[in-house]
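So the structure is just underneath, and the comments pick up after that.
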Amino acid sequence: MDEQNHQATAEELAGEKMVDEAFQRLLDSYLASRHRKKVDLITKAFNFARQAHKGVKRLSGEPYIMHPIAVAQIASEEMGLGSTSICSALLHDVVEDTDYTVEDISNIFGPKIAQIVDGLTKISGGIFGEQASAQAENFKKLLLTMSDDIRVILIKICDRLHNMRTLASQPANKQYKIAGETLYIYAPLANRLGLNKIKSELENLSFRFEHPEEYARIESQLAETAGKRDELFANFISPIENALNEMGLKHRIIKRVKTPYSIWNKMQTKHVTFDQIYDILAVRVIFTPSQEADEINECFDIYVALTKIYKSHPDRLREWLNHPKANGYQALHVTLMSGEGRWIEVQIRSERMDEVAEQGFAAHWKYKEGEEIVEDEGELGDWLSTIKEILDDPQPDAMDFLDAIKLNLFASEIFVFTPKGEIKTMPAGCTALDFAFQIHTFLGSHCIGAKVNHKLVPLSHKLESGDQVEILTSNSQHVQPSWVNFVSTAKAKGKIQAILRRDSRETQKQGEKILTDFLTRNDMEMTTSVLDKLCEMYEKPKHEDLFLAIGMKNIILGEKDIDEIRGRKKDDGQKSKGWRRYVPFVSKKDNKDEKKTQPEFFTVDKDFNRKKPVYINENNISHFIFPPCCHPIPGDDALGFIDARNRIEIHKRNCPVASKLKSTYGKRILDAKWDMHKELYFDATLEIRGIDRLGLLLEVTQIISAQLNVNIRRISIKCDEEIFDGTIELRVHDRQDVSTIVENLKKVEGLQEINQIV
């Protein structure tokens, strides 16, 4: 017994020592900053939090207080925040996890810290129904608290970053939920606040947990090619160093290597291999201006000096000096042709610009003595007001809300002018109608067209930087449903949908009345079961959608509907057609005459262990649902999702639909693993492109059919001036088969590009 006590005491002492050392590191980083030194307040917050979390441990086994210290460390060292933020970070879980209240925090630490802790608690807490998306609701709260104090969101991002750094201790289904939600919400939010370094780390960590094999492969490819990159960098910057020294500028030149996530993302979106990505290396020139007023002029002086050494790409000059991005980013980007014949992007920034680029809005604290905040500072204020407008008109669907916010989070910007010459920042890809709604809802809803640079254009005309836009209106014009398809800003989309919802409520009521009368005539009542059957039959997700379709005369009710409701199924093959789309595989026999029967899907009950992975094998694959959004095949990184009827859908982890599901219905995510033995065939499509020559197609088909014994279902090829492109539809066992085929086809002379498409 004494030995056990001794062991427990030793563990406690080791834990205490670990906590003391972590807090000392926090104090050291704070004392090295430019903030006023309020060490007593920070120590008081630390001792209070330590006592409140006493005896509690994290999943990793370390004392819980290590998490608040780590969050405070990120806030201090990586964001450059001051004592108010550090104290709030140390206390951020106290109200949620212990018996202390916001009033207690206010009495001990003052109203400002209490307000921030309250904001952080509101984001985490709250009770929501299973159907209401907890994450989307939390996100709404998070954005609402931003208007009170931007530090709430900054600390929340620090909290998320530390959770991502320690995600290895969580089970796989929780990892996918947290990583998915990080990629969908927190990384773009960090990007919008200019936290470039943190955004990149959040993306990379998400990628590492969701696609561990892909991450490891890219890491090893980066390591293999590091020597060549170092040599290219050294040769490239040597003459630049000489030129900058001659100009007498104090400077440093650093190399920036693309992150594994951004490389993988480019490989996915552009359908290219690692070897085909040519902008992995970029160069950053950071200088100290002789006078702060001259920093923009000196950026251009450096640009002129560089273009005397290397030829610049005419279409790739990006200037964010006179008009910074909405997150405060300022720099001059130029792409130069190196001596080895490679295009290399050079980013020119002053030290101040670099600090803002890395720390974004948080860098403003470094230039203030105290911690007073100007909340409507420049473009950030405009962005916050846009978000407030979206929150004022809440979307009925949580996913719509997240999408609306994301539209504005990810967008890069253009600058357009009003007829009076005022400059407006808009997301790239926006239309004249977006611009109209940006100025005023009335202007947008009555817009009939626009004049761009004094020329008449339609509502769907895409604007470009530098355009001068005049909106034309008519009182007889009304919002059209088709408008949603060509607006790209969250504000315009939200306003159009709100107006359409208002208009559709009347049509819904008419549809409901038509359905009630129809059922009454057939001696039936409108029950939930009847509505569910009709929704399933017409593939409508909600009862309201069904009423609307009936009201708009898109659905005409008849005898077949009564048969469906009463369960009298007609053997017209329709049922088979309906469920077949969920089965993306065939057996080796593939007997077309074989009678198909609808599979029994797995249903998840209350005793189901969601922490364990579900294994997909030949015997049970037909019991899972395979929606048509992403077409996973064995070997793909997959996950499961428990749908509204407790059945299990299988998605690729990087499927766009799955991204929303992870962020919105995280508790329903499961880990899914393949346990297949090359007994079933799955469809896969390859895109090929290259230079035509005699016998090329024969060589391609021989490799696939004769050498690899793979069944080709269909080939479609078109040739234009010696260049051909086409698609090959195959039947394969798994992702490994696809990789083998691609590797063998790469050896065919004249075949330039091979990509797999869903």
Carbon and sulfur %, accessible surface of region 233-321 computed with the full protein complex present, 1.4 Å: 48
Counting only protein heavy atoms and rolling a 1.4 Å probe, one gets per residue an accessible area for region 73-119 in Å² of 34
Take peptides 210-219, 535-544, 258-267, 487-496 and line them up by average Cβ neighbours within 10 Å, highest first, as a rough protection proxy. 487-496, 258-267, 210-219, 535-544
Where the centroid of each part is defined by its Cα atoms, how far is region 305-326 from region 406-477 in Å? 27
Rounded to whole Å², per residue accessible area for region 174-315 with a 1.4 Å probe reads 48
Can you tell me the order of 674-681, 471-478 when each peptide is scored by its average per-residue count of other Cβ atoms within 10 angstrom, highest first? 674-681, 471-478
By per-residue mean of other Cβ atoms within 10 Å, what is the highest-first order of 236-247, 174-185? 174-185, 236-247
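The values are calculated or read from the model by the stated rules, or taken from the named source; none is laboratory data. This is a predicted model, so every value here is computed, not measured. As a convention, Cβ positions derive from the backbone with ideal geometry for all residues, glycine included, and neighbour counts pool all protein chains shown. Each accessible area value is taken on the protein alone, full model and side chains, heavy atoms only, with ligands, DNA and RNA left out. Shrake-Rupley method; radii C 1.70, N 1.55, O 1.52, S 1.80 Å.
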